[in-house]
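Only one structure is covered here, and it is reproduced in the block below.
The values are calculated or read from the model by the stated rules, or taken from the named source; none is laboratory data. Given the structure is predicted, the values throughout are model-derived calculations rather than measurements. Here the Cβ is made from the backbone with ideal geometry for all residues, glycine too, and neighbour counts use every protein chain on show.
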């Protein structure tokens, strides 16, 4: 199998609204930044892949306009997933593994502000039995949180601790939307309080992947993808044990996450309670630095937030702050689908 | 910087969903105040019934009837109900395992307050008065003390056309055979933001000026601008007035009237390369019989009071443009 | 970055060992969305004589989620497609998506990430209304049109102007494809009383496009099982082998865009031919399933794909070369003109190409087809995906 690495990462400063910008206006500076970091131009790329959702935008084929920001001329080898950009990265990784490309640009963007995100996400649910009830994303996460509390896996105080740690860590992340201590606030849907929930965010992110010597030429310390896998579970909440994430566990096993301990984990846990589930699934102990970026609790541009976890983990390796990091992305209600990447730097970090 | 525009955008449709046999039986059952489940490959009873086994993917079709009372497995207190949700007053979302079932169903639980709800509590279905064969035939759950223990019983999935438990005045709930489809209306409200470049263009149109933008790299002029030069991938920011006149590069004659579109047919839908623009825009041609419109026709905008766009373009009377002068713009 | 041949590792050859599709109709009122996709997937598994447990991963594609009003429907479809505990990917590249989806799945095998992959594409257009789904209102844009026909008709006129093609060519394509569809039990339109005169007498919708030269709106799904050499060796029926596959994209609208013959289409075809060692597509390819949603796109794509010189595509159509018994049969299945579940239409092209080289196309089989091209496009004629499949394993 070819060695493939994340060699560059860029993201927007995420914000509650971005009314002044179209999607492509929001995305384009991130594309420029990630290309500049490697010195690559669009014409140099072997593959381009993106992730976004028409339902966020409220427009069909919304991704076609985002392509304007790439400068796809001459024509490019390109694809798009209607998923979080983490899965676009997966598709691009596979493309490089075939040998058909040596480099790839992966990007994702999501403007959550145009619609009511909690209502929009109800459209992901079983269209016959569940979507007609309009159960919103916070309500579903709250059902999961209560199940965890009932099982003795956490309590409101522990959840507040996750929120506080995330916001404290986000203070060092200039791209985060929220940072610094804040009261947990009122219940949004009990047992989840304002502080347990992610902000509504607009934002974009991009990474460059490269193989072998190309990666070494483009980046002083590439974040090598040692394993990458994703798995999905049954859709209905009522058939799943919401306190567990077997798909995360399986993806992690397949990605080789348990072969050696990681020093860092970037988990795509939009709700504090989901970090509890993921820590258990990934068997993370207290030695592992979890979400040093602040995580999705401090910036949650839907469709990009998973890719950002991979980018943040890679960036720590690039900077020599991590030798081995796990990155995780999720999709669907209550962690239905999960992706796990194992990233490593060569040589020991300073 | 001039005003950056936004506007409401409503995406709304009454989706028509056909059900297939298992879902049809379940929703027909709800109309008759009966809850059906389906037996999975491992013997578990799945409620609400799925068509395929969530573990093995086998097609599962063995229907069973379960109880209308059950146990809360987890819950969440929703103090501020949102549009479309089952109750308009504060309620709990709950996953409920009905008696005889092995999986849980998601619905609302009407309870006096969060303190009155706990996992393990016993509840029963409160049926909607008017039932149509939809998940909303269950109005919600309500607290109800009873002993669990009902076993699932075999069920054919067929229901008599009349509901024997109801009187004639509620027989609207019991008409007309199995439920084979549902109508699922969905409305989402968005605020659409066209962004900086298009706002500049739209704001200039108010003064009846067509202002495109030039790419700093390839020098092409885009009308309307969309924020990026699509071939160079860079922002266009130099504003350039184009037109007002232009050349029809190609067109079609539209003979079918579109819903929600107040244009009489036939009409001509044309690509028009405005003078000074490097990409044609799209507009309607008027002021000339539709069958006399041709490629190369020179046209000028016709404005109406208060409109954001030219209503249409009309012939200028100039000689037609030579094909070679616009063929790169088609 | 120059493409470094030296670094290119050997790819695993990819075989198509199972193909399934639904009988496409305007509205499948007897099934749920899950039931629709399941039917195609089950047929593909039966064709390959495999079970759900044999599938390592699922790659699914469809056009915009608004068509069914379900956001990211793969989440709900995971159970029906046996994906629980497996990887599941969802592709969306507009009209080309069915082809792109198959290529993403093929890459999973080619990269040796998985041995056997189920790929599927669908659209259940009767859940809403295609005209609505394709023409959602956008503020600040002047509403001028509804549907895709008006978008593409001016480009057809540009083609006619550029080539001097007689205005009957479009009707010849429609007449051919509708007759081919009569030989395909899965096709949506079965117009048993079709005549050329009827096509030519049908009303002009978006002049120069007539009603009979447009595609229907269908409910349907198409599935394929892709596998490696080991899987192919176990195949009960002859596999189709992937000799080349590629995607190319260009921007929607740009100064200098050639809507009649987009560069991305030319580049995509050139890439596929290069991979497959094809130097003369007109002679070396035995059958073509191309994405022709409006009849005139057949001559346009014949040129774009290198089967005819620029300006000459219509002559092949007019001379009967693209007929089922012609020397380069195009859309023996009846094509998109006879069946159009939008998100699945591209995969149906890919699958029909594979059926031809497997010799399993039934009444619309092209005699002795050894190499066939599957083609799809989407967006503003900007996204292209193609594969070339052969009866023999690839040579390299």
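Among residues of the stretch B:189-232 being assigned to a strand (DSSP E or B) and facing another protein chain (nearest Cβ under 10 Å), the one that is nearest to residue B:281 (Cα to Cα) is B:222.
Listed conditions (1) more than 18 Å from the chain's Cα centre (by Cα); (2) crowded, with 24+ Cβ neighbours inside 10 Å; (3) more than 7 Å from every other protein chain (Cβ to nearest Cβ) are all met by residue A:62, apart from (2).
Of the residues making up the stretch A:172-190, those that are within 11 Å of another protein chain (Cβ to nearest Cβ) and touching a strand residue (DSSP E or B) at 6+ places or on another chain (Cβ under 7 Å) are A:186, A:187, A:189, A:190. Checking every residue in the stretch C:83-92 against the condition of being in a helix (DSSP H, G or I) and modelled with pLDDT of 95 or more gives zero matches.
Only one entry in A:195, A:238, A:203 is within 30 Å of residue A:69 (Cβ to Cβ) and not in a loop (DSSP other than H, G, I, E, B), namely A:203.
Residue selection: residue A:92 fails the criterion of being within 10 Å of chain B (Cβ to nearest Cβ) and surrounded by 24 or more Cβ atoms within 10 Å (Cβ to Cβ). A count restricted to the stretch C:174-221 and to residues that are over 30 Å from residue C:32 (Cα atoms) and more than 14 Å from chain B (Cβ to nearest Cβ) stands at 13. Filtering the stretch B:303-319 to residues that are under 20 Å from residue B:288 (Cα atoms) and within 13 Å of chain C (Cβ to nearest Cβ) leaves B:303, B:304, B:309, B:310, B:311, B:312, B:313. Within the set A:56, A:45, the sole residue that is within 12 Å of chain B (Cβ to nearest Cβ) and closer than 22 Å to residue B:189 by Cβ turns out to be A:56. Within the stretch A:219-233, identify whether any single residue is within 13 Å of chain B (Cβ to nearest Cβ), touching a residue at least 12 places away in the same chain (Cβ under 8 Å), buried (at least 24 other Cβ atoms within 10 Å of the Cβ) and outside any helix (DSSP H, G or I), and answer yes or no. Checked against the condition, which is being within 13 Å of chain B (Cβ to nearest Cβ), touching a residue at least 12 places away in the same chain (Cβ under 8 Å), buried (at least 24 other Cβ atoms within 10 Å of the Cβ) and outside any helix (DSSP H, G or I), the stretch A:219-233 yields at least one hit. Quick check on my filter: what residues within the stretch B:182-210 are surrounded by 20 or more Cβ atoms within 10 Å (Cβ to Cβ) and farther than 23 Å from residue A:57 by Cα? Correct list: B:182, B:210. Annotation for the stretch B:245-265: no member residue is farther than 19 Å from residue B:317 by Cα, within 14 Å of chain A (Cβ to nearest Cβ) and within 36 Å of the chain's Cα centre (by Cα). What about residue A:71, is it surrounded by 24 or more Cβ atoms within 10 Å (Cβ to Cβ), over 15 Å from residue C:93 (Cα atoms) and within 9 Å of another protein chain (Cβ to nearest Cβ)? Yes. Before we move on, is residue C:381 surrounded by 20 or more Cβ atoms within 10 Å (Cβ to Cβ), within 13 Å of chain A (Cβ to nearest Cβ), assigned to a loop (DSSP other than H, G, I, E, B) and in contact (Cβ under 8 Å) with a residue 24 or more places away in the chain? Spelling it out, residue C:381 is indeed surrounded by 20 or more Cβ atoms within 10 Å (Cβ to Cβ), within 13 Å of chain A (Cβ to nearest Cβ), assigned to a loop (DSSP other than H, G, I, E, B) and in contact (Cβ under 8 Å) with a residue 24 or more places away in the chain. Is it true that residue C:161 is surrounded by 23 or more Cβ atoms within 10 Å (Cβ to Cβ), under 25 Å from residue B:254 (Cβ atoms) and modelled with pLDDT of 95 or more? Judged against the criteria, residue C:161 is not a match. In a residue-by-residue description of the stretch C:105-121, the property of being under 23 Å from the mean Cα position of the chain (by Cα) and closer than 30 Å to residue B:283 by Cα applies to no position.
Name the single residue that is farthest from the chain's Cα centre (by Cα) among those in the stretch A:134-144 being at the interface with chain B (Cβ under 7 Å from one of its Cβ atoms) and closer than 20 Å to residue B:138 by Cα. Out of the qualifying residues, it is A:134.
If you check residue C:103 against the conditions, is it farther than 23 Å from residue B:190 by Cβ, modelled with pLDDT of 95 or more, facing another protein chain (nearest Cβ under 7 Å) and outside any strand (DSSP E or B)? Considered against the rule, which asks whether it is farther than 23 Å from residue B:190 by Cβ, modelled with pLDDT of 95 or more, facing another protein chain (nearest Cβ under 7 Å) and outside any strand (DSSP E or B), residue C:103 comes out as no.
The condition of being in contact (Cβ under 8 Å) with a residue 40 or more places away in the chain, part of a helix (DSSP H, G or I) and more than 7 Å from chain B (Cβ to nearest Cβ) does not hold for residue A:164. You will find that of B:134, B:111, the residue that is under 22 Å from residue B:49 (Cα atoms), surrounded by 15 or more Cβ atoms within 10 Å (Cβ to Cβ) and either touching a strand residue (DSSP E or B) at 6+ places or on another chain (Cβ under 9 Å) or in contact (Cβ under 8 Å) with a residue 40 or more places away in the chain (or both) is B:134 and no other. Filtering A:147, A:131, A:86 for residues that are at the interface with chain B (Cβ under 10 Å from one of its Cβ atoms), under 30 Å from residue B:54 (Cα atoms) and surrounded by 24 or more Cβ atoms within 10 Å (Cβ to Cβ) leaves a single hit, A:147. Of all the numbered requirements in (1) without any contact (Cβ under 8 Å) to a residue 24 or more places away in the chain; (2) within 23 Å of residue C:227 (Cβ to Cβ), residue C:83 misses one, and that requirement is (1).
Residues in the stretch B:18-49 that are outside any helix (DSSP H, G or I), within 14 Å of chain C (Cβ to nearest Cβ) and touching a strand residue (DSSP E or B) at 6+ places or on another chain (Cβ under 7 Å): 7 in all. Looking across the stretch A:112-121, the residues that are more than 8 Å from chain B (Cβ to nearest Cβ) and either at pLDDT below 95 or buried (at least 24 other Cβ atoms within 10 Å of the Cβ) (or both) come down to A:112, A:121. From the list C:221, C:174, C:232, C:240, the lone residue that is touching a residue at least 40 places away in the same chain (Cβ under 8 Å) and within 15 Å of residue C:294 (Cα to Cα) is C:174.
The conditions of being within 14 Å of chain C (Cβ to nearest Cβ), at pLDDT 95 or above and assigned to a strand (DSSP E or B) are met by residue B:15.
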